[in-house]
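Beneath this line is the structure, given in structure tokens, with notes to follow.
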Amino acid sequence: METNNKHNVHKVLAHSYTIYFVLLLVGICLDLFFDYTVFSNSTMIPVGFLFLILATIIILWAQKTGRELRKIGEVKAEHFRRGPYYYTRIPTQWGLFFLILGFGIITNSFFVILFTIISFFISKFIFIDKHDRILINKYGIAYMEYKKLFKF
């Protein structure tokens, strides 16, 4: 059953990441056809690069921390509060959001920025809820206690 839960968690997250990718492509296509810009000058480009760097660090940190959790036998609520998971339940989602948002800012792409925000909310309200249910089923009270501490 644990393997099935693991597969389901990764399947749900893969669908979430796919939404980001598909809407990124849609945003790029729409930006090619419609010339809407968000910023009138290039002062936001460093902010976009900062988001890219921050996002990469968050994603790599979350992946490393997640692998460490698998090595623990009996998981307790405090085991979830490591690395970036000490600050949020969904650091990889935040990282992906900032990564694509940074790209949208650098390219000054209205539709990429818009669809990045839409992707985040779709992921949060559809896929992360499924993700949470799977982890509650797998880890029980330990994950429920952790989830109470971090709403987002």
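The values are calculated or read from the model by the stated rules, or taken from the named source; none is laboratory data. The structure presented is a predicted model; accordingly, all values stated were derived computationally and were not measured. Glycine gets a Cβ as well: all are built from the backbone with ideal geometry, and neighbour counts include every protein chain shown.
Brief remarks on what is shown
- Sole exception among (1) surrounded by fewer than 17 Cβ atoms within 10 Å (Cβ to Cβ); (2) at pLDDT below 85 for SER42, by number: (2)
- Scan of region 69-91 for residues that are at pLDDT below 80 and either among the β-branched types (Val, Ile, Thr) or in a loop (DSSP other than H, G, I, E, B) (or both), ordered by number: ARG70, LYS71, ILE72, GLY73, GLU74, VAL75, LYS76, ARG81
- Selected residue (only one of ILE105, ILE90, ILE117, ILE136 is surrounded by fewer than 20 Cβ atoms within 10 Å (Cβ to Cβ) and under 20 Å from LEU23 (Cα atoms)): ILE117
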